[in-house]
Ligand code: LRH
Ligand code: MN
Ligand code: MN
């Protein structure tokens, strides 16, 4: 097994970005169960994110979604974050909530709609300039519902054209993270359905375009760790949107549905040298019925636990068993690490890092949950659909 000091050093280097939208109310198309005390402004979302960082020590950046987090002064928002020990992270574009996008955004058959969508993407790069963000995450809901509805190849050409225009606008230190999803809201054909399509576009664009793997965006049974290994080998893994799914794009807490899958993914990250600032670890989840801040703290802890287990894999023993064709021995080397209870190690790491060993309990004791319910009276919640 890898010595625990090495594991702790790697844990100290890990950063997990939390999404602004996870702090606000969300739901399904059937019902949004509103919770008291949710943020009414992007600033209040940052106030909540600061609590997650305070208790976990590894969540220093917050992803924004435009227009859900639209403000007049992004530099001032960045300053609000900085004053709370945070930084603004990835800018997520949104070309999926406007009536004009019924038939697509950048792949729409009408050039006027395509121009509008591209305008939004370019505006997002302007925002990145103001916030100091490195990454622009692009997810397109574009697709068709019926065979023959539109021409698959022409839509790829239109997508390619828009991506090239955004790429052209990027600064030297900025990147495009292209996200794929196999279905929803389009049900017959999605324009960026899989990692292969995203990879092909990113390869053509150049080194500042990378693929992002949202763990909830695959068909059941997909071997996501294989995708991770492949993208890392090709130098094209830009990051993760972590969450878990039982059925579709459930956006449940990461590590809740399948902690073993999360471990397998993190093992490939470790194996492929993905522990580098070039790979962004982001959460992309919604907390429909559970309280938001503790759910986000739990998610961060779940990623850390999977990471610690992946780091514990005895690489030498595993490689030896693999060389010798020792099928069971190799499997055992991996499973030994997975079955290790890393919670004591993480508690130790937290204490050594000046944190409470139990972030969930520390948050409960802090009184923040009661305070936001008392203080955040009136106004509208900010977020989804805002
Ligand atoms: C799409 C998605 C994408 C969006 C987010 C809110 O399903 O994963 O990342 O920006 O959800
Ligand atoms: Mn996502
Ligand atoms: Mn999603």
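The values are calculated or read from the model by the stated rules, or taken from the named source; none is laboratory data. As the structure is a computational prediction, the values presented were derived from the model and not from experiment. So basically every Cβ, Gly included, is an ideal-geometry build from the backbone, and we count neighbours across all protein chains shown.
Annotations
- Residue check, residue 187 part of a loop (DSSP other than H, G, I, E, B), in contact with a strand residue (DSSP E or B) (Cβ under 9 Å, 6 or more places away or on another chain), without any contact (Cβ under 8 Å) to a residue 24 or more places away in the chain and more than 13 Å from ligand 1 (Cβ to nearest atom): no
- Positions within segment 190-223 being in a loop (DSSP other than H, G, I, E, B), within 16 Å of ligand 2 (Cβ to nearest atom), without any contact (Cβ under 8 Å) to a residue 60 or more places away in the chain and in contact with a helix residue (DSSP H, G or I) (Cβ under 8 Å, 6 or more places away or on another chain), in sequence order: 192, 215, 218
- Annotation: of all residues in segment 136-160 being within 14 Å of ligand 1 (Cβ to nearest atom) and within 21 Å of residue 66 (Cβ to Cβ), the one that is nearest to the chain's Cα centre (by Cα) is 137.
- In segment 225-250, residue farthest from residue 297 (Cα to Cα) [restricted to those that are in contact with a helix residue (DSSP H, G or I) (Cβ under 9 Å, 6 or more places away or on another chain) and within 14 Å of ligand 3 (Cβ to nearest atom)]: 240
- Where a residue in segment 239-255 is free of Cβ contacts under 8 Å to residues at least 12 places away in the same chain and closer than 19 Å to residue 92 by Cα and its partner, wherever it lies, is within 13 Å of ligand 3 (Cβ to nearest atom) and in a loop (DSSP other than H, G, I, E, B), with Cβ under 9 Å and at least six apart: none
- Scanning segment 77-92 for residues that are away from ligand 2 (no atom under 16 Å from the Cβ) and touching a strand residue (DSSP E or B) at 6+ places or on another chain (Cβ under 8 Å) turns up 77, 78, 81, 86, 87, 88.
- The residues in segment 56-72 that are in contact (Cβ under 8 Å) with a residue 24 or more places away in the chain and either within 15 Å of residue 14 (Cα to Cα) or more than 21 Å from the chain's Cα centre (by Cα) (or both) can be counted, and the count is 8.
- Qualifying residue in segment 155-174 (condition: surrounded by 17 or more Cβ atoms within 10 Å (Cβ to Cβ) and within 16 Å of ligand 2 (Cβ to nearest atom)): no
- Filtering segment 226-270 to residues that are touching a strand residue (DSSP E or B) at 6+ places or on another chain (Cβ under 7 Å), under 30 Å from residue 206 (Cβ atoms) and away from ligand 2 (no atom under 16 Å from the Cβ) leaves only 236.
- Complete set of residues in segment 161-177 that are away from ligand 1 (no atom under 11 Å from the Cβ) and closer than 25 Å to residue 219 by Cα: 176
- Residue within segment 273-292 that is within 16 Å of ligand 1 (Cβ to nearest atom), closer than 30 Å to residue 371 by Cα and more than 15 Å from the chain's Cα centre (by Cα) present: yes
- In summary, no helices (runs of 4 or more DSSP H) completely within segment 316-386 bear 3 or more residues that are at pLDDT below 95.
- Per-region count, segment 252-272, residues within 16 Å of ligand 1 (Cβ to nearest atom), buried (at least 21 other Cβ atoms within 10 Å of the Cβ) and either within 17 Å of residue 239 (Cβ to Cβ) or more than 15 Å from the chain's Cα centre (by Cα) (or both): 1
- Failed condition for residue 277, given (1) within 20 Å of residue 4 (Cα to Cα); (2) part of a loop (DSSP other than H, G, I, E, B): (1)
- Filtered residue count, segment 273-288, keeping only those that are crowded, with 19+ Cβ neighbours inside 10 Å and at pLDDT below 95: 1
- Residue list for segment 202-220, restricted to those being under 12 Å from residue 177 (Cβ atoms) and away from ligand 1 (no atom under 12 Å from the Cβ): 202, 205, 208, 209, 210, 211
- Residues in segment 341-356 that are surrounded by 15 or more Cβ atoms within 10 Å (Cβ to Cβ) and either in contact (Cβ under 8 Å) with a residue 60 or more places away in the chain or in contact with a helix residue (DSSP H, G or I) (Cβ under 6 Å, 6 or more places away or on another chain) (or both): 342, 345, 346, 349, 350, 355, 356.
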